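**Student:** Shown below is the structure under consideration.
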Amino acid sequence: MALMTAQEYIDSLRKLNTRVYMFGEKIDNWVDHPMIRPSINCVAMTYALAQDPQYADLMTVKSSLTGHTINRFTHLHQSTEDLMNKVKMQRLLGQKTASCFQRCVGMDAFNSVFSTTYEIDEKYGTHYHENFKKFLTFVQDNDLTVDGAMTDPKGDRSKAPSQQADPDMYVHVVERREDGIVVCGAKCHQTGSINSHWHIFMPTISMGEADKDWAVSFACPTDAEGMYMIYGRQSCDTRKMEADASIDVGNAKFGGQEALVVLDHVFIPNEYIFLNGEYEFAGMIVERFAGYHRQSYGGCKVGVGDTLIGAAALAAEYNGVEKASAVKDKLIEMTHLNETLFCCGIACSAQGFKTKAGNYQIDLLLANVCKQNVTRFPYEIVRLAEDIAGGLMVTMPSQVDFSSDTVVGRNGETIGEICNKFFATREGVSTENRQRIMRFIENLCLGAAAVGYRTESMHGAGSPQAQRIMIARQGNIQGKKQLAKDIAGIKD
Ligand SMILES: Cc1cc2nc3c(=O)[nH]c(=O)nc-3n(C[C@H](O)[C@H](O)[C@H](O)COP(=O)(O)OP(=O)(O)OC[C@H]3O[C@@H](n4cnc5c(N)ncnc54)[C@H](O)[C@@H]3O)c2cc1C
């Protein structure tokens, strides 16, 4: 099948019986729901750009499995150039949506499960790799969006899965049958889950022998029987449901999405199982997925950062301060921080290597350094954007006020006239454009998009400490001590 258009992708979601709950109710027409639709538009952009000849080299690629032209979001990376193109594609999507476009978690799951299943089969003679290749061929040929579902609720963090008071705190096998397994549990924070056709479930931590039933990975259609999602709240989300608030929303077209995904006795046929009890491989999937996902942030957050830097520059221009050297310097600092993240994304890709299964893996140390910087720099970029924007980004009256004809003034002035009088700025700049840029900055710094730009930068792909553990493991301090000894003339 050919690549889907953006419209075909949106229509394909309507054909699924996905169970979505929000504000305590089942949402039947979730595709057109005003709080959900911007997140669907965002994923749709991954389809739209793949149809644009201008971006063909970045967005499409020849499948290593079939030779067909596929969307890069479904690709197994075949070289360091592919890894770098992945980061560049993510930057482009961030620039076009100023939001989390969701489709990369699936891509990162494909690449980590592909290489890990090869190594499990090598050790145990299982058939997980063949299962996975068949599944991915189906995904590529049908140009599907797949959620990469890793993070379990985890209950008491000091306890292993098998030690939890409630076994459902980690996804686990509750029944093994001839033809498959039955699974229970949940995954939290699932990016783009509702907008995906399928999910790949993976373990979230390394496991021991007692955790065998929790060491499980599989694919499952989003509308599988027993599976449902409860929509995640974002700050200012109900602005999307207000009439005449398209400016107040800050980004009316695009947005991110997270949900709690529940598996209540879901049957998984054998052909969709990629790990089933081989507990020592749980850590390998986690490490590889996290590595790819930490690389991803060196692209997507940079693209979104580009839009925030642009917005801050516009705010300065609208205020008439764009020539001030202090403002220029702040924009330079924002650019420096943003490009440093891009350097990290490109560097861990350029230093990538071939796995036993044949796809390419990023350099783990550099990917972890990339994500560690991502836990910090967007916060500083946000601080500088808020500094340049001024307080109006959080104190301006609503869009409705700007067009209100309610009389408030002594001489019959309306609320709209008063707002337009006092929020006027330099000549040639409309108050509407000023509102638009302030709300855009608000959205990215502390509104709905801040979920993806700020808190996801902190916790997505693992909280900062998770990267520090990997940096400690990969940092080769012993080797560095030897370098110092050699030059200092120290002989043990
Ligand atoms: C916007 C967003 C999108 C996301 N998208 C996805 C997605 O698509 N797929 C997916 O699978 N996951 C996703 N995640 C989940 C993300 O990977 C987790 O948030 C992250 O791994 C941290 O887990 P947690 O949120 O449960 O935090 P917690 O585990 O509660 O961690 C909170 C703090 O406690 C510390 N901590 C936790 N456990 C221990 C311990 N045992 N010892 C010492 N300290 C500890 C952590 O270091 C951290 O500082 C997303 C998260 C966010 C915020």
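The values are calculated or read from the model by the stated rules, or taken from the named source; none is laboratory data. Computed from a predicted structure; not experimentally measured. Cβ atoms come from the backbone with ideal geometry, glycine included; neighbour counts cover every protein chain shown.
**Student:** Inside region 166-191, can you point out the residues that are within 16 Å of the ligand (Cβ to nearest atom) and either outside any strand (DSSP E or B) or of a type in the set (K, R) (or both)?
**Tutor:** D166, D168, M169, Y170, V171, K187, C188, H189, Q190, T191
**Student:** If you don't mind, another one. It is to be established whether one or more residues within region 219-232 are closer than 29 Å to T307 by Cβ, assigned to a loop (DSSP other than H, G, I, E, B), within 15 Å of the ligand (Cβ to nearest atom) and in contact (Cβ under 8 Å) with a residue 24 or more places away in the chain.
**Tutor:** Within region 219-232, the first condition is being closer than 29 Å to T307 by Cβ, and the residues that meet it are 229, 231-232.
Retained after the next criterion (residues that are assigned to a loop (DSSP other than H, G, I, E, B)): 232.
Then drop every residue that is not within 15 Å of the ligand (Cβ to nearest atom), which leaves 232.
From what's left, in contact (Cβ under 8 Å) with a residue 24 or more places away in the chain: 232.
Yes, there is a match, as at least one residue in region 219-232 is closer than 29 Å to T307 by Cβ, assigned to a loop (DSSP other than H, G, I, E, B), within 15 Å of the ligand (Cβ to nearest atom) and in contact (Cβ under 8 Å) with a residue 24 or more places away in the chain.
**Student:** If we scan region 322-340, do we find a residue that is within 30 Å of R176 (Cα to Cα) and either in contact with a strand residue (DSSP E or B) (Cβ under 8 Å, 6 or more places away or on another chain) or in contact (Cβ under 8 Å) with a residue 24 or more places away in the chain (or both)?
**Tutor:** Let us first name the residues in region 322-340 that are within 30 Å of R176 (Cα to Cα), namely none.
Within region 322-340 (the criterion being within 30 Å of R176 (Cα to Cα) and either in contact with a strand residue (DSSP E or B) (Cβ under 8 Å, 6 or more places away or on another chain) or in contact (Cβ under 8 Å) with a residue 24 or more places away in the chain (or both)), the answer is no, since none of the residues qualifies.
**Student:** With the condition kept exactly as written, say whether any residue in region 130-138 is over 27 Å from Y453 (Cβ atoms), buried (at least 22 other Cβ atoms within 10 Å of the Cβ) and within 16 Å of the ligand (Cβ to nearest atom).
**Tutor:** Scanning region 130-138 turns up no residue that is over 27 Å from Y453 (Cβ atoms), buried (at least 22 other Cβ atoms within 10 Å of the Cβ) and within 16 Å of the ligand (Cβ to nearest atom).
**Student:** Working only within region 468-484, note down all residues that are surrounded by 10 or more Cβ atoms within 10 Å (Cβ to Cβ) and of a type in the set (A, V, I, L, M).
**Tutor:** Residues satisfying the conditions are I469, M470, I471, A472, L483.
**Student:** Now, a different point. Filter region 448-469 down to the residues that are over 18 Å from I205 (Cα atoms) and polar (S, T, N, Q), then identify the one that is nearest to the ligand (Cβ to nearest atom). I'd like the intermediate steps shown before the answer.
**Tutor:** Here is the first cut: in region 448-469, the residues over 18 Å from I205 (Cα atoms) are 448-458.
Then keep just the ones that are polar (S, T, N, Q); that gives 455, 457.
Numbers: T455: 5, S457: 9 Å.
Per the stated criteria, the residue is T455.
**Student:** Can you report the number of residues in region 1-17 which are assigned to a loop (DSSP other than H, G, I, E, B) and either in contact with a strand residue (DSSP E or B) (Cβ under 7 Å, 6 or more places away or on another chain) or under 20 Å from F254 (Cβ atoms) (or both)? Show your work before the answer.
**Tutor:** Filtering region 1-17 for residues assigned to a loop (DSSP other than H, G, I, E, B) gives 1-5, 15-17.
Now narrow it down to the ones that are either in contact with a strand residue (DSSP E or B) (Cβ under 7 Å, 6 or more places away or on another chain) or under 20 Å from F254 (Cβ atoms) (or both): 3-5.
The number of residues fulfilling the criteria is 3.
**Student:** Residues that are among the aliphatic types (A, V, I, L, M) and touching a residue at least 24 places away in the same chain (Cβ under 8 Å): find the helices (runs of 4 or more DSSP H) completely inside region 54-149 holding 3 or more of those.
**Tutor:** On the way: elements: 56-59, 80-97, 104-124, 128-142.
The qualifying helices (runs of 4 or more DSSP H) are 80-97, 104-124.
**Student:** Still on this structure: When you look at D405, is it modelled with pLDDT under 95 and either charged (D, E, K, R) or within 14 Å of the ligand (Cβ to nearest atom) (or both), yes or no? Even if it seems obvious, please write down each step before you answer.
**Tutor:** Details: modelled with pLDDT under 95: no; either charged (D, E, K, R) or within 14 Å of the ligand (Cβ to nearest atom) (or both): yes.
Answer is no for this residue.
**Student:** Then there is this: Tell me whether region 155-164 contains one or more residues that are closer than 13 Å to H75 by Cα and in contact (Cβ under 8 Å) with a residue 12 or more places away in the chain. Walk me through how you get there before you give the answer.
**Tutor:** Let us first name the residues in region 155-164 that are closer than 13 Å to H75 by Cα, namely none.
No, that holds for no residue.
Let's see how each residue does on (1) buried (at least 24 other Cβ atoms within 10 Å of the Cβ); (2) touching a Ser or Thr at 6+ places or on another chain (Cβ under 7 Å); (3) over 16 Å from F135 (Cβ atoms); (4) not basic (K, R):
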{"position": "L49", "(1), (2), (3), (4)": "no, no, yes, yes"}
{"position": "Y55", "(1), (2), (3), (4)": "no, no, yes, yes"}
{"position": "S64", "(1), (2), (3), (4)": "no, no, no, yes"}
{"position": "T69", "(1), (2), (3), (4)": "no, yes, yes, yes"}
{"position": "L76", "(1), (2), (3), (4)": "no, yes, no, yes"}
{"position": "V87", "(1), (2), (3), (4)": "yes, yes, yes, yes"}
{"position": "L93", "(1), (2), (3), (4)": "yes, yes, yes, yes"}
{"position": "A98", "(1), (2), (3), (4)": "yes, yes, yes, yes"}
{"position": "Q102", "(1), (2), (3), (4)": "yes, yes, yes, yes"}
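**Student:** Just one of A160, A243 is more than 13 Å from the ligand (Cβ to nearest atom) and surrounded by fewer than 21 Cβ atoms within 10 Å (Cβ to Cβ); which is it?
**Tutor:** Working: A160 fails: more than 13 Å from the ligand (Cβ to nearest atom).
The match here is A243.
**Student:** OK, next. Where residues in region 402-416 are within 43 Å of the chain's Cα centre (by Cα) and assigned to a loop (DSSP other than H, G, I, E, B), which of them is surrounded by the fewest Cβ atoms within 10 Å (Cβ to Cβ)?
**Tutor:** To start, the set of residues in region 402-416 that are within 43 Å of the chain's Cα centre (by Cα) comprises 402-405, 415-416.
From what's left, assigned to a loop (DSSP other than H, G, I, E, B): 403-405.
Details: S403: 14, S404: 17, D405: 8.
Here the residue is D405.
**Student:** State which residue pairs qualify: first residue buried (at least 21 other Cβ atoms within 10 Å of the Cβ) and inside region 180-198, second residue of a type in the set (K, R) in any location, beta carbons under 7 Å apart, and separation of 6 or more residues or different chains.
**Tutor:** G192/R103
**Student:** Could I ask something else about it? Kindly indicate whether any position in region 376-390 is over 23 Å from R233 (Cα atoms), within 16 Å of the ligand (Cβ to nearest atom), at pLDDT 95 or above and surrounded by fewer than 19 Cβ atoms within 10 Å (Cβ to Cβ).
**Tutor:** yes
**Student:** With (1) touching a helix residue (DSSP H, G or I) at 6+ places or on another chain (Cβ under 8 Å); (2) in a strand (DSSP E or B); (3) among the acidic types (D, E) as the list, and D264 as the residue in question, which single condition is left unmet?
**Tutor:** Result: D264 passes all but (1).
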